[in-house]
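The values are calculated or read from the model by the stated rules, or taken from the named source; none is laboratory data. All figures in this text were calculated on a predicted structure; none of them were measured in a lab. Note that each Cβ is placed from the backbone with ideal geometry, even for glycine, and that neighbours are counted across all protein chains shown. When the accessible area is computed, the model is the full protein with side chains, heavy atoms only, and any ligands, DNA or RNA have been set aside. Shrake-Rupley method; radii C 1.70, N 1.55, O 1.52, S 1.80 Å.
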Amino acid sequence: MLKKLITVLATILGVLSITYLYTSSNMRTTLNAQSAPVFTLPKGAKVILGKYNNKEIVWDIGNNNNNGSYVLMSSKPIVENFLLNDNTGLLTCDGNYCTSTRLYSEINKIILTDIETSVVVRSPFIPSFSEIIDGGTLGLSLTDRAYKGNGDWTEVYWVDGKVEKITVSNNTVMKYNALQLSLGNDMSWVQDNNPNFRYTFLNPGGEELTFSQSDEHIAEANSVYPKSGLRPFATMNHNVNFAADTTYTDDNWHSYKIDTDNMNKYNEVNPLKLRIQSSLTATLDDIKDSGTNSINKTKKNSCIQLLVSANTGSNTKMSVILYNEAKTEIQYYKLGSDTQNGRINYSVDLTGIPAGKYYVAVINEEYAPSSQLPVESSAISNLLPLEIIEPHKLTYTKIPQSGVTAGDYEFSKNVNAGQTIGKITVNPQGVMPLTYTVESYGNDTYQNFELEGLNNGTSSSTSLNVKIKSNAPDLMNGGLKAGIYKFCVNSVDADGDPITATSESRVCTSFTVEKIGLTIAFDDSNQTKKSIADAATAWNETATANPNT
């Protein structure tokens with residue numbers, strides 16, 4: 001009966017211990033965890049979405065809050081010089097104006113994956129006047145939508161609408177498809193102020209718009225532009241959890257940056273790979289040291305463990321994100337190791353991350369090295385604080401006491417038992433307390449010294465005196481004998497690092513104790529004075545040296 005009772009009690013205690021450990025860890029998450037700020041793609045960023053002729057398309061974000069959507073504009077035309085009228089007679093044309101059917105038939109060749117379709121609000125389209133002019137429904141300005149070219153005539157794209165150019169003298173109407181010119185185009189040739197012509201701008205639905213042609217950089221597709229760029233627009237919702245430069249795909253930390261300096265520069269520089277909301281999950285439960293201790297502070301270039309609860313998907317990775325102390329900006333990103341299902345510790349090497357205060361988050365994301373198209377991911381997890389500090393560094397400074405007549409240290413003058421000969425300073429501090437040992441520097445003279453103020457070899461002080469032991473083996477008459485003395489002071493932090501001493505965790509020094517100045521005097525100076533008569537008899541005189549050892 002007693003045996004059964006003991007077994008039951010042991011089982012209960014085991015369950016309580018496990019419950020405590022689990023609850024304790026969860027309490028840290030509850031107390032410290034904070035929600036990650038909502039991720040938003042900035043205006044001017046470039047993203048990759050969809051394929052045309054098996055080539056991934058790069059888009060500029062011209063507006064990042066158009067009724068809750070991003071407005072995307074292809075950074076380059078999908079076709080550089082697209083001929084609207086193919087002269088086959090199969091198109092519906094009225095003079096120089098043709099319907100946009102041919103434009104859309106080409107744009108419809110853009111292929112979107114299922115994950116892309118889930119975030120696309122409006123499939124790729126040709127914008128109309130009322131959508132792209134200043135104050136238009138897409139919320140774009142002229143500098144948003146027009147290529148920042150260098151006057152290159154090919155930097156022109158089709159607009160879904162037409163221009164009616166009417167001769168004032170005889171009311172002759174000429175209809176043209178509309179074009180958007182680049183900012184680099186010289187607009188002086190546009191004859192919108194010419195009294196011989198007047199212009200009417202018509203949307204696809206036939207409604208008439210009035211605006212300054214030169215201000216909007218809109219022109220008619222006349223003989224100057226027989227071919228123009230086919231540049232699709234699209235809109236996408238905000239279900240984008242994260243995005244990173246397509247080069248951030250190795251095992252290294254990357255200083256996180258979204259390039260917004262090249263919007264509409266007619267290029268595809270520094271595009272982002274999108275992470276789209278899915279059923280993947282990730283919760284950051286704890287940050288630990290290399291053992292099992294929960295931490296919020298660690299040394300620079302150390303390794304930590306992140307306790308994460310997550311599920312798995314298709315080739316998923318548990319990546320790490322570091323926010324600044326204010327939790328407003330992502331500063332570093334690192335593609336992580338393979339995601340494992342459940343509550344798992346993931347080892348993270350912090351080598352290369354500068355000292356500072358951060359907030360850590362994780363994201364469970366698909367990894368597709370062969371493509372830059374969007375992938376599925378979890379939301380960015382909760383945040384936990386982590387301070388990265390410089391490892392501790394020791395400095396030794398000699399502090400000879402006063403009273404010497406030769407050198408810095410002299411027998412019987414300032415090297416007596418209990419006297420201070422130097423000082424150890426700690427800066428930066430690292431993880432306190434530090435554990436110290438006085439060690440050999442090539443001989444046994446280190447046994448004469450000790451650090452003042454240690455408690456079982458440890459101290460959190462940033463300055464400690466090096467003193468001569470009261471029972472130092474090389475004491476003579478209470479002071480160190482003349483000679484050369486050598487010692488090292490080694491230290492390890494509260495985490496037991498470094499395992500192997502470094503030039504910063506260990507300092508070594510040597511110094512010389514000078515011999516005291518020797519004086520010799522006769523014991524009785526009167527004995528040296530004799531008359532000629534007295535000197536005829538032999539006598540002894542004694543002289544004593546000081547010191548006499």
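A few points about this structure:
- Qualifying residue in the stretch 481-490 (condition: polar (S, T, N, Q) and either over 16 Å from C508 (Cα atoms) or open to solvent by less than 10 Å² (accessible area, probe 1.4 Å) (or both)): no
- Some residue of the stretch 477-496 being outside any strand (DSSP E or B) and free of Cβ contacts under 8 Å to residues at least 12 places away in the same chain: yes
- Yes/no for T200 being open to solvent by less than 40 Å² (accessible area, probe 1.4 Å), hydroxyl-bearing (S, T, Y) and not in a loop (DSSP other than H, G, I, E, B): yes
- Matching residues in the stretch 34-72 - criterion: being surrounded by 21 or more Cβ atoms within 10 Å (Cβ to Cβ) and among the acidic types (D, E): D60
- Residue selected from the stretch 510-546 under the condition surrounded by 10 or more Cβ atoms within 10 Å (Cβ to Cβ) and among the aromatic types (F, W, Y), by the criterion farthest from the chain's Cα centre (by Cα): F522
- Check on T292, assigned to a loop (DSSP other than H, G, I, E, B), of a type in the set (V, I, T) and open to solvent by 60 Å² or more (accessible area, probe 1.4 Å): yes
- For first residues located in the stretch 302-313 and within 21 Å of D289 (Cβ to Cβ) and open to solvent by 40 Å² or more (accessible area, probe 1.4 Å), partners that are modelled with pLDDT of 95 or more and not in a strand (DSSP E or B) and lie 6+ apart or on another chain with Cβ distances below 9 Å form the pairs C303/L350; C303/T351.
- Scanning the stretch 249-273 for residues that are over 15 Å from the mean Cα position of the chain (by Cα) and either over 15 Å from V47 (Cβ atoms) or open to solvent by 40 Å² or more (accessible area, probe 1.4 Å) (or both) yields T260, D261, K265, Y266, E268, V269, N270.
- Considering each residue of the stretch 90-104 in turn, none proves to be modelled with pLDDT of 90 or more, open to solvent by 30 Å² or more (accessible area, probe 1.4 Å) and under 25 Å from L274 (Cα atoms).
- Search result, residues across the stretch 433-475 that are open to solvent by less than 70 Å² (accessible area, probe 1.4 Å), of a type outside the set (F, W, Y), over 20 Å from K393 (Cβ atoms) and not in a loop (DSSP other than H, G, I, E, B): T445, N448, K467, I468, L475
- Tabulated pairs, the stretch 124-136, first over 21 Å from E106 (Cβ atoms) and in contact (Cβ under 8 Å) with a residue 12 or more places away in the chain, second open to solvent by 10 Å² or more (accessible area, probe 1.4 Å) and among the acidic types (D, E), C-beta under 7 angstrom, 6+ apart or interchain: I133/E216
- In the stretch 387-408, the qualifying residues are those that are open to solvent by less than 40 Å² (accessible area, probe 1.4 Å) and within 51 Å of the chain's Cα centre (by Cα), and the one that is nearest to I295 (Cα to Cα) is I388.
- Scan of the stretch 356-373 for residues that are in contact (Cβ under 8 Å) with a residue 40 or more places away in the chain and either aliphatic (A, V, I, L, M) or open to solvent by 10 Å² or more (accessible area, probe 1.4 Å) (or both), ordered by number: Y359, V360, A361, V362, I363, E366, Y367, A368, P369, S371, Q372, L373
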